[in-house]
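Colleague: Pasting in a structure now, in structure tokens, and then I'll have a few things to ask.
The values are calculated or read from the model by the stated rules, or taken from the named source; none is laboratory data. Remember, predicted model here, so these are calculated numbers, not experimental data. All Cβ positions, glycine included, derive from the backbone under ideal geometry; neighbour counts span all protein chains shown. In case anyone asks, the SASA skips ligands and DNA or RNA and just uses the protein heavy atoms, side chains included. Shrake-Rupley method; radii C 1.70, N 1.55, O 1.52, S 1.80 Å.
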Amino acid sequence: MALLLSVLAFQLQAQDLDYGDVKEMDFTLKAKNVTENPDAIVILKKEHVDFVLAQNSGVTQRRVIHERIKINTEAGLEYATKRVVLYIEDGKYTEKFKDLKAATYNLENGKVKRKKMKNSAVFEEDLSDSYRIKSFTLPEAKVGSVIEYTYVIESPYVVIDDFVVQYEVPILNIDVEMVWLEYYQYELHFNPRAAYIPKFEYSDGIKEFTTTSSQRQGMYQSSTRFKSSKYSVDTKTVSFKDTNIPALVPEPLAGNMDNYRAEVIVELTASKQSGYGYKQYASSWESISKTILENKNFGEQMKPARFFRDDLNNVVQDKNSSQEKIEAIFQLVKDKVKWDEFYGKYAKKGVKEAYKNGSGNVADINLLLIAMLREAGLESYPVLVSTKDNGIPFYATKDGFNYVIASVKSGERLFLLDATEPRSSLELLPTRVLNWRGRIILDDGRSDWVDLFPNKDSKEVILVNAEFNEEGAIKVEARKRLTRYLALNTRIRNDDSASLSNRLKSGDSSMEISNVQTKNMDVNNGPVSISYEGTVTSASEEIGGRLFITPLLHEANEENPFKLEKRNFPIDLSYPYATKTIVNLKIPDGYKVESLPESVKLMYNNGQGSYTYQLSEVNGIINIVADYDMDVHLIEPESYEFFKKFFEGIVAKDAEKIVLTKI
């Protein structure tokens, strides 16, 4: 009990610890309310932001970071490497990485041994034209070590970066503080989908700064007189301290976990103008849309241009309908400009340069597409998007979007297009942008939300004709037909024959596959067809003169992938889809049906999902039809129990056997 109390006392006081004050007790600390030993435990996470005023350099932001982490497992060693992203602009105003101290602590024979990190362990690389990375790895870190580092980021910008207050491992103590100067106004935003929301305290204060001026003395004298002046600035200190921040534990099929991470976003809303009060910054979707539209690397890129006019006329001159024109222009852009794998809502090279060189970022390509569509007389507008790996913008901000796609009207239909994906079509965006909603921007700056999620099922139809061969295995001839996203994903993967054969086995490694043929793999529209032959040995078993057969053969659902007792986060299935499996099994000579599984229809959540399973026997052929239909792509945590039971029912039904007995 005494040890427990001392540990708790240590946790409560740890926020006041200085760098280097690592004690034996640090190696014994444990997280609360966890069932498994986490890969690491963050003993202390401390971030303080303050501002310094200087005559020559103006305002400088100082962000001091101090973290102490105990490593529990091999996987936890990833925390021994730290990457710090720094912003640069034209190579002139560069955020500076300073005052780094780092060390690894190991407990040897009851004593804490420290190994300091050398400066040579710090590496630098350019991530892009705007970002630079400093990285370092703590020396001699191993399972059981405690690592610690502190550093300062100095920035000429008054915009304050987000505070991440939740990791994949528990945080025992957290200490966040900002000192805002009266010249700038900020607003805090919290992730509404996070389970943990920090509570900040506010206090007013005054900060004093000193300026020094010099003056030459006398006409012929060489002496200089220095004069110091002090002045005060009103401040607001914003802070929070807490203990035992729960880990953000990833869950299968949850999508981007950052959508649920606790974080603090600090929005700069206004700055004080000398003699003119405060200048308000964009804080509504309309004002943000106008700001983006007025950027030369956005709005100007969508204007009609001469450099593509001849190519455009060549592809649309014989097209009669608006949809035919859209398809032709869409293909022209995909053929002419290849994606360089860089995201962005602003053009990087400019549409003219991208068209000339044949490559560009997302905005170069899709803003060019919009310009061409408009030149052809079609109504087309940009749609701002936040990709799945970028999270969901939950307040009005231009920084919440990292991508732009095109929209175009054809009659009453609105098509959303992304020409960065060569295999995409009019109704299919790449899955990376299927992230809730996008923001369409009209020419006058007005904007509105558009739904990015598909409203039609992607379908898979599987037809299997099967019969027993002389060896007692089941010989199959199968055809698959895939539509929409199932077809798109198959085209994008473009598996070689061996990979495709393994995929067709549906997890049955004993199955032999041959004579695989595909159709429509090289076109972007319509379904993909796959046919193959195979031999299944694991779907039947003879016991005591009776045959026990798995009705759906290798296509049966043998295991429920949803094993968690409960979930904290939704299941993201990406898009609605339906599967229809038809098996026609010929009864072998000398056998008759003793029993068939009962037909059944299982329902999920009032018809949002269903599974229909039917069997019949006619003229020596057993016909099995299984229809799985899921009309929603997102399963919320409160519906998980019902969804899990729904899938348990599917697995149980697929496991039931056809029983044949000898005549």
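Colleague: Can you tell me which residues in segment 415-435 are more than 15 Å from residue 333 (Cα to Cα) and of a type in the set (S, T, N, Q)?
Modeller: Selection gives 431, 435.
Colleague: Just for segment 559-581: of the residues that are open to solvent by 40 Å² or more (accessible area, probe 1.4 Å) and within 27 Å of residue 464 (Cα to Cα), which one is modelled with the highest pLDDT?
Modeller: Among them, the one singled out is 580.
Colleague: Just name the residue that is modelled with the highest pLDDT out of those in segment 271-304 that are touching a helix residue (DSSP H, G or I) at 6+ places or on another chain (Cβ under 6 Å) and either of a type in the set (Gly, Ala, Ser) or more than 19 Å from residue 375 (Cα to Cα) (or both).
Modeller: 299
Colleague: Within segment 99-117, how many residues are at pLDDT below 95 and either in a loop (DSSP other than H, G, I, E, B) or under 35 Å from the mean Cα position of the chain (by Cα) (or both)?
Modeller: 2
Colleague: Now a separate question. If I ask for residues that are open to solvent by 10 Å² or more (accessible area, probe 1.4 Å), closer than 21 Å to residue 44 by Cβ and in a loop (DSSP other than H, G, I, E, B), which ones from segment 142-165 would you list?
Modeller: 142, 143, 144, 161, 162
Colleague: Same structure, new question: Could you please find all residues in segment 101-110 being free of Cβ contacts under 8 Å to residues at least 60 places away in the same chain and open to solvent by 40 Å² or more (accessible area, probe 1.4 Å)?
Modeller: 108, 109
Colleague: Output the residues belonging to segment 339-359 that are free of Cβ contacts under 8 Å to residues at least 40 places away in the same chain, outside any loop (DSSP other than H, G, I, E, B) and under 25 Å from the mean Cα position of the chain (by Cα).
Modeller: The one that is free of Cβ contacts under 8 Å to residues at least 40 places away in the same chain, outside any loop (DSSP other than H, G, I, E, B) and under 25 Å from the mean Cα position of the chain (by Cα): 359.
Colleague: I'm checking my understanding of the structure. Among residues of segment 69-100 that are polar (S, T, N, Q) and under 14 Å from residue 144 (Cα atoms), which one is surrounded by the fewest Cβ atoms within 10 Å (Cβ to Cβ)?
Modeller: Looking at the filtered set, the residue picked out is 73.
Colleague: Further question: Give segment 422-432 a look and list any residue that's open to solvent by less than 20 Å² (accessible area, probe 1.4 Å) and either within 18 Å of the chain's Cα centre (by Cα) or within 19 Å of residue 319 (Cβ to Cβ) (or both), or say none.
Modeller: Correct list: 425, 426, 429, 430.
Colleague: What tally of residues in segment 433-444 results from selecting those that are open to solvent by 10 Å² or more (accessible area, probe 1.4 Å), under 10 Å from residue 385 (Cα atoms) and out of contact with any strand residue (DSSP E or B) (no Cβ under 6 Å at 6 or more places or on another chain)?
Modeller: 2
Colleague: Now for a separate question. Could you tell me whether segment 371-386 includes any residue that is assigned to a helix (DSSP H, G or I) and of a type in the set (Phe, Trp, Tyr)?
Modeller: Within segment 371-386 (the criterion being assigned to a helix (DSSP H, G or I) and of a type in the set (Phe, Trp, Tyr)), the answer is no, since none of the residues qualifies.
Colleague: Here's another thing I want to ask about it. Identify the residue in segment 253-270 that is assigned to a loop (DSSP other than H, G, I, E, B) and touching a Leu at 6+ places or on another chain (Cβ under 8 Å) and, among all such residues, is modelled with the lowest pLDDT.
Modeller: So, considering only residues that are assigned to a loop (DSSP other than H, G, I, E, B) and touching a Leu at 6+ places or on another chain (Cβ under 8 Å), the one modelled with the lowest pLDDT is 253.
Colleague: Given the residues 458, 447, which is the only one that is small (Gly, Ala, Ser), under 30 Å from residue 512 (Cα atoms) and either open to solvent by 60 Å² or more (accessible area, probe 1.4 Å) or within 28 Å of the chain's Cα centre (by Cα) (or both)?
Modeller: That would be 458, the only listed residue that is small (Gly, Ala, Ser), under 30 Å from residue 512 (Cα atoms) and either open to solvent by 60 Å² or more (accessible area, probe 1.4 Å) or within 28 Å of the chain's Cα centre (by Cα) (or both).
Colleague: Let me ask something additional. Using the structure shown, decide if residue 392 is more than 22 Å from residue 527 (Cβ to Cβ), β-branched (Val, Ile, Thr) and under 16 Å from the mean Cα position of the chain (by Cα).
Modeller: yes
Colleague: Hand me the list of strands (runs of 3 or more DSSP E) wholly inside segment 588-663 holding 1 or more residues that are under 42 Å from the mean Cα position of the chain (by Cα) and within 20 Å of residue 459 (Cα to Cα).
Modeller: By residue number, 600-604, 609-618, 621-630.
Colleague: Surrounded by fewer than 24 Cβ atoms within 10 Å (Cβ to Cβ), modelled with pLDDT under 95 and outside any loop (DSSP other than H, G, I, E, B): is that true of residue 389 in this structure?
Modeller: In short, yes.
Colleague: Let me ask something else. I'd like the residue in segment 271-282 that is part of a strand (DSSP E or B) and among the polar types (S, T, N, Q) and, out of all such residues, is surrounded by the most Cβ atoms within 10 Å (Cβ to Cβ).
Modeller: For segment 271-282, the residue satisfying everything is 271.
Colleague: Given the conditions (1) of a type in the set (Lys, Arg); (2) modelled with pLDDT under 95; (3) closer than 28 Å to residue 371 by Cα, report the number of the one that residue 439 does not fulfil.
Modeller: Going through (1) of a type in the set (Lys, Arg); (2) modelled with pLDDT under 95; (3) closer than 28 Å to residue 371 by Cα one by one, residue 439 breaks only (2).
Colleague: So, one more: Test residue 77 against the stated conditions and say whether it is in a helix (DSSP H, G or I) and not aromatic (Phe, Trp, Tyr).
Modeller: For residue 77, the condition - in a helix (DSSP H, G or I) and not aromatic (Phe, Trp, Tyr) - is met.
Colleague: Something else about it: Working only within segment 366-389, note down all residues that are over 19 Å from residue 446 (Cβ atoms), out of contact with any Lys or Arg (no Cβ under 8 Å at 6 or more places or on another chain) and in contact (Cβ under 8 Å) with a residue 60 or more places away in the chain.
Modeller: 368, 372
Colleague: Tell me yes or no: at least one residue of segment 401-421 is open to solvent by 50 Å² or more (accessible area, probe 1.4 Å), hydrophobic (A, V, I, L, M, F, W, C) and at pLDDT 95 or above.
Modeller: Yes.
Colleague: Also, quick follow-up: Kindly list, by first and then second residue, each pair from a residue in segment 421-436 that is assigned to a helix (DSSP H, G or I) to a residue that is of a type in the set (D, E, K, R), limited to pairs with Cβ atoms under 6 Å and residues at least 6 apart or on different chains.
Modeller: Note: pairs meeting the criteria are 432/388.
Colleague: Right, residue 278: farther than 30 Å from residue 185 by Cβ and of a type in the set (Ser, Thr, Tyr) or not?
Modeller: no
Colleague: Right, here's the next one. Scan segment 609-636 and report the pairs whose first residue is more than 14 Å from residue 574 (Cα to Cα) and whose second residue is open to solvent by 40 Å² or more (accessible area, probe 1.4 Å) and of a type in the set (Asp, Glu), with Cβ atoms within less than 6 Å and a gap of 6+ or a chain change.
Modeller: From segment 609-636, the pairs are 610/629; 612/627.
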